[in-house]
Structures are given as structure tokens and as C-alpha cells.
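**Student:** Below is a structure I'd like to ask you about.
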Amino acid sequence: MSAAGGLFRWGVGRRLSAAGGPSRRGAGSGGRRSRAALAVWAALVVAAFAAGAVLRARGALPIDRLPPLHGRLRTPTAALLPPLLLAAAAVAVLPGLAVRLRFGQALAVAYGTALTWTVLLAVSGDGLAQPFTSRYEYLAVLPAVGDDPLGWLASFTERLPGYPTHVRGHPPLPVLVLWALAEAGLPGPFWAAVLAVAVGCSATVAVALTVRRLAGEESARLALPYLALTPAAVWIATTMDAFFAGVGAWGVALLVSGGRGRGRVLSGAAGVLLGALPYLSYGLVPYLLIPVVAAVVARISHATVVACLAGAAAVTAAAVAGGFLWPLGVLATHAEWAADPGAARPYLYFLAANLAVLALLTGPATAAGLARTPPGGVRALVAAAVVAVLALDVSGVTRGEVERIWVPYAVWIVLAAASSPGRWWLAAQALTGLLLQGLVSSPW
């Protein structure tokens, strides 16, 4: 190890060691701000559930049993013991490993922790693959694709009213991804779940790489434990929105890592991934603000921008050549949404309640971290994700059922949690995930 590398690890290690227990800084203004933020976080969550219970009792929310969540209460069981033990071990050792290991090894450990945490949470409930067995999910339409994916794509908008709920609410690419998975010899709910979880958890690595590029390695190392033990893991297992989160995160990571020569290939790949987002979910259009902000902060070259745009244009060209016009898809899906009972949900309630769900996905440490002002590069990424969420929220097309919709955004917003010193905050994140998994039965 070089002297410079040793000094770097020593400096980061001191900071993380100081963060290992209750921090003396908590007695200062930062601690007061964190406590105030935590109070706001709790008040928002409690108020959303209380108002939701009143509205449901009055018949205003007939399709939601536990507003603002689209799920129902359940009793925790002993099946939560494995994820509880993992969380306890991770809280104890992961912050130290994040600084002591080489950065690549730290990324691998964080990814392994995220993957194990997510799978154990899913298995403790209804099982890893269960959400993909629903007749409302994407797999239900694969027989209609058959051996003619291009023909199916060309007729997608025309035949949209006859498809399952999730297919009607999204562009055609999620179905084609699962069709390709089945054609590769990995059919069925289990492999769909494996894809969603593996790609979704990989956002931990992609986001950390982006932070390293924009804010330095120390910030990336500090963020790793919070990325790995995010409460959003409850809905990363298992929904296709987790797959969307991974695709988007890697698109941003490749964009800011691009450069000359081979880097141009990475930039083109970033364009393909980011260009695919609107074809995975219409709700990911505001997400594109995140790579724009990342590109500005990283000061990427004009050539990198051109390569990225070329990759994105190739995705659009392929969709058009296949017979799918994105604007017509938006109009058709909006018509289906307007006729769905979900469109009758009260706008003003979900305007605030959706943010309460986001608070649950990102956890109390994120609220505390936002009050402490994250480093510049991290702050820019978090702000971009928050603005994107607010744009979707205000639009009114996300009235409930945002547990899964917010996942691609939550993996960026949770970066703010790294500004909260002390393992107690990391434990609070894990506890939030355990409570959500143990108390709420979700269809995803």
C-alpha cells in the first residue's frame, strides 16, 4: 500500500470510527437539526396513516387497505429472524469494512450484503417469486408475445386494453425483457425475481461509483452501508421497478465514467441504458434529470454527451422501427389510467401521502442526513432525485401504489443518510426495513 493510500484510509477510518457510536456532534446544531428532521419524518408518516384510515373509513379509499401503502397489515413471525440477524451483523461490521477494504472489495461486500438482505426479507414474507405469479403482472402476457416479439410490439398500443394491469400501465420494454429472459432458457416467476433482485441490488454499486466520481472515494465509502441496508429493499424484492432502478443507476455511473477511447463506448452504453428508461416506465422520464445533473457536476466532455445521446437515439430508433411510437403509448396508457379506479383516489391526500411513502423507503437516517447538508456532489444527486419525485407527485398520475414507483429514485435519495453519524442511524434504517416487511403484506 502506498503512503498516500495509507493516509487516505487512516483519515477515512478515523471518521468512520468516530461514526461507530453515538456522536458527540449530536449535541451541537447538527444534532438538533437531525432531531427536528426525525420529528418531521415521523409526523409525516403518522399523519399519512391517520388520514388514510379516516378516508378509508369514509369510503374514499376502497381499493387501499392500509393507505398510504397498497397492502394490508400482518403479524410478524419468526421468519424475520434471519434478516434481523443479518442486519445486526451488518450494522456492526459493514461501516468498518467499507473503509478498511480496497474499494472494489468494499463494493463487492456491499452488493453481497444488499443482495442477502433483500432476499432474506422477501423469503421471510410471501417468498421471492410470489409477486411475479400475479395475473396482473408482466409474465401473464408472455403467451401473447409468443414467437413474434416484433409483431407484438407493433400491435402493443392497439391491444393495450386487453392486457393485465401492470402491462397497461407501462411501455412494452419490461415484457420484452422478460420474454428475452425466457427465450434464454430462464422462464417463469423465479428467474424474473432473480433478475429484478440482482439488477436492483446492483444499484448499490452503480450509485457508489457515481458518488466516487462526483464527491470522492470517502463519500462513496460512507454511503455504502446505507445503500446496502436501505429500507427500499422491501420493494426491491420483488418488482420490476427494482430492475428499472438498476438500469438507471448504471446508466448514470457509465455516463460520468466515460472519456476518450474506450470511454466513448461506455458513454454510448450509458445512452442506451438511459434511453431505455422511458420505454421501461413512463414514470422514469423525470429520472433523466439525475444524469443531467451528474453530467454537469462531473463536467463531462461534449464528445461524451454526443456518444450518450447517440446511444439514447438508437433505442428510440429501434422502438420506432419495431412499430411502437412512444407518444401514442403515453396517450393510450393515460386513457387506461383514467378509467382505472386508482384515478379516483383523492389527489390532495396522496400529494402528501406519497411523500410519506418515500420517507419510509429512504428511512429516518435520510431525513436526518438531509438536515446536515450532504457534500456538494452528493447533495446535487439527492436534490435531482427529490425534484424528479416532486414533479411526478404534483402531476397526479402517481396516486398511491408508489412503493415500487419510488424505488429508482429512493436509491439516490438515501445517499443523504451517509451524513448522519453513528451506527445508531444505520440500525434505524435496518429496523425500518424489518418493520415494513414484518407488518405490511404487499403485492410486490
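**Student:** Show the residue pairs meeting these rules: Cβ distance below 6 Å; 6+ apart or different chains; first residue within the range 289-303 and farther than 11 Å from R213 by Cβ; second residue modelled with pLDDT under 95 and outside any helix (DSSP H, G or I).
**Tutor:** Sorted first by the residue in the range 289-303, then by its partner, the list stays empty.
**Student:** Here's a follow-up. If I ask for residues that are out of contact with any helix residue (DSSP H, G or I) (no Cβ under 6 Å at 6 or more places or on another chain) and either closer than 15 Å to A233 by Cα or surrounded by 13 or more Cβ atoms within 10 Å (Cβ to Cβ) (or both), which ones from the range 73-83 would you list?
**Tutor:** Within the range 73-83, just R74 meets the criteria.
**Student:** Looking at (1) modelled with pLDDT of 95 or more; (2) not in a helix (DSSP H, G or I), which is the one condition that is false for Y136?
**Tutor:** (1)
**Student:** What about T432, is it touching a Gly at 6+ places or on another chain (Cβ under 7 Å), at negative phi and touching a residue at least 40 places away in the same chain (Cβ under 8 Å)?
**Tutor:** Details: touching a Gly at 6+ places or on another chain (Cβ under 7 Å): yes; at negative phi: yes; touching a residue at least 40 places away in the same chain (Cβ under 8 Å): yes.
Criteria met by T432.
A quick yes/no check of all residues on (1) assigned to a helix (DSSP H, G or I); (2) surrounded by fewer than 21 Cβ atoms within 10 Å (Cβ to Cβ):
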| site | (1), (2) |
| --- | --- |
| L55 | yes, yes |
| V109 | yes, yes |
| T118 | yes, no |
| G127 | no, yes |
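**Student:** Output the residues belonging to the range 141-173 that are touching a Leu at 6+ places or on another chain (Cβ under 6 Å) and within 22 Å of A245 (Cβ to Cβ).
**Tutor:** Passing the criteria: R168, P172, L173.
**Student:** A further question on this structure: Test L181 against the criterion of being in contact with a helix residue (DSSP H, G or I) (Cβ under 8 Å, 6 or more places away or on another chain) and either without any contact (Cβ under 8 Å) to a residue 24 or more places away in the chain or closer than 20 Å to A98 by Cβ (or both), and give yes or no. Even if it seems obvious, please write down each step before you answer.
**Tutor:** Numbers: in contact with a helix residue (DSSP H, G or I) (Cβ under 8 Å, 6 or more places away or on another chain): yes; either without any contact (Cβ under 8 Å) to a residue 24 or more places away in the chain or closer than 20 Å to A98 by Cβ (or both): yes.
Yes: the conditions hold for L181.
**Student:** Condition first: surrounded by 24 or more Cβ atoms within 10 Å (Cβ to Cβ) and more than 18 Å from P291 (Cα to Cα). Now tell me which residues in the range 411-431 satisfy that. Can you show your working first?
**Tutor:** From the range 411-431, those surrounded by 24 or more Cβ atoms within 10 Å (Cβ to Cβ) are 411-421, 425-426, 429-430; that's our starting set.
Within the range 411-431, A417, A418, S419, S420, P421, W425, L426, Q429, A430 qualify.
For every residue, the table says whether it meets (1) at pLDDT below 95; (2) surrounded by fewer than 21 Cβ atoms within 10 Å (Cβ to Cβ).
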{"residue": "S257", "(1), (2)": "yes, yes"}
{"residue": "G261", "(1), (2)": "yes, yes"}
{"residue": "A276", "(1), (2)": "no, no"}
{"residue": "A313", "(1), (2)": "no, yes"}
{"residue": "A317", "(1), (2)": "no, yes"}
{"residue": "V320", "(1), (2)": "no, yes"}
{"residue": "W326", "(1), (2)": "no, yes"}
{"residue": "V330", "(1), (2)": "no, yes"}
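**Student:** So is P443 modelled with pLDDT under 95, within 20 Å of the chain's Cα centre (by Cα) and more than 25 Å from G52 (Cα to Cα) or not? Lay out the reasoning, then the answer.
**Tutor:** Numbers: modelled with pLDDT under 95: yes; within 20 Å of the chain's Cα centre (by Cα): yes; more than 25 Å from G52 (Cα to Cα): no.
Here the answer is no, as P443 does not meet what is asked.
**Student:** Hey, among the residues in the range 219-252 that are within 12 Å of the chain's Cα centre (by Cα) and of a type in the set (S, T, Y), which one's nearest to G283 (Cα to Cα)?
**Tutor:** Checking each candidate, the answer is T239.
**Student:** What are the pairs with Cβ atoms under 8 angstrom where one residue, in the range 404-426, is under 22 Å from L69 (Cβ atoms) and the other, located anywhere, is assigned to a loop (DSSP other than H, G, I, E, B) and among the aromatic types (F, W, Y)? Sequence gap at least six, or different chains.
**Tutor:** That search, which allows pairs on different chains as well, returns R404/W444.
A quick yes/no check of all residues on (1) part of a helix (DSSP H, G or I); (2) small (G, A, S); (3) over 19 Å from L358 (Cα atoms); (4) at pLDDT below 95:
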| position | (1), (2), (3), (4) |
| --- | --- |
| L181 | yes, no, yes, no |
| P189 | yes, no, yes, no |
| A193 | yes, yes, yes, no |
| A196 | yes, yes, yes, no |
| V199 | yes, no, yes, no |
| T204 | yes, no, no, no |
| R212 | yes, no, yes, no |
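**Student:** For a quick check of your reading of the model, give me the residue pairs whose first member lies in the range 193-220 and is in contact (Cβ under 8 Å) with a residue 40 or more places away in the chain and more than 18 Å from A383 (Cα to Cα), whose second is β-branched (V, I, T) and not in a helix (DSSP H, G or I), with beta-carbon atoms closer than 6 Å and at least 6 apart or on different chains.
**Tutor:** A193/T238; A196/T238; V197/T238
**Student:** Kindly establish whether W250 is part of a helix (DSSP H, G or I) and free of Cβ contacts under 8 Å to residues at least 60 places away in the same chain. Write out each step before concluding.
**Tutor:** Numbers: part of a helix (DSSP H, G or I): yes; free of Cβ contacts under 8 Å to residues at least 60 places away in the same chain: yes.
It is true that W250 is part of a helix (DSSP H, G or I) and free of Cβ contacts under 8 Å to residues at least 60 places away in the same chain.
**Student:** Continuing with the same structure: Considering only the range 141-176, state which residues are in contact (Cβ under 8 Å) with a residue 40 or more places away in the chain and more than 23 Å from H334 (Cβ to Cβ).
**Tutor:** L142, L150
**Student:** Looking only at residues that are more than 22 Å from A321 (Cβ to Cβ) and outside any helix (DSSP H, G or I) in the range 164-178, which one is farthest from the chain's Cα centre (by Cα)? So that I can check it myself, show each step before the final result.
**Tutor:** Of all residues in the range 164-178, those more than 22 Å from A321 (Cβ to Cβ) come to 164-166, 168-169.
Restricting the remaining residues to those that are outside any helix (DSSP H, G or I) gives 164, 169.
On the way: P164: 23, G169: 18 Å.
Top of the filtered list is P164.
**Student:** Of all helices (runs of 4 or more DSSP H) completely enclosed by the range 258-343, which ones contain at least 2 residues that are under 23 Å from V378 (Cα atoms) and of a type in the set (A, V, I, L, M, F, W, C)? Spell out how you get there, then give the answer.
**Tutor:** Values: elements: 262-280, 289-298, 302-321, 326-338.
Ranges flagged: 262-280, 289-298, 302-321.
**Student:** Report, by residue number, each residue of the range 215-232 that is surrounded by fewer than 24 Cβ atoms within 10 Å (Cβ to Cβ) and of a type in the set (A, V, I, L, M, F, W, C).
**Tutor:** Going residue by residue through the range 215-232, those that are surrounded by fewer than 24 Cβ atoms within 10 Å (Cβ to Cβ) are 215-219.
Of everything in the range 215-232, just one residue is surrounded by fewer than 24 Cβ atoms within 10 Å (Cβ to Cβ) and of a type in the set (A, V, I, L, M, F, W, C), namely A215.
The values are calculated or read from the model by the stated rules, or taken from the named source; none is laboratory data. Only a predicted model underlies this, so the values are computations on that prediction, with no experimental measurement involved. Note that each Cβ is placed from the backbone with ideal geometry, even for glycine, and that neighbours are counted across all protein chains shown.
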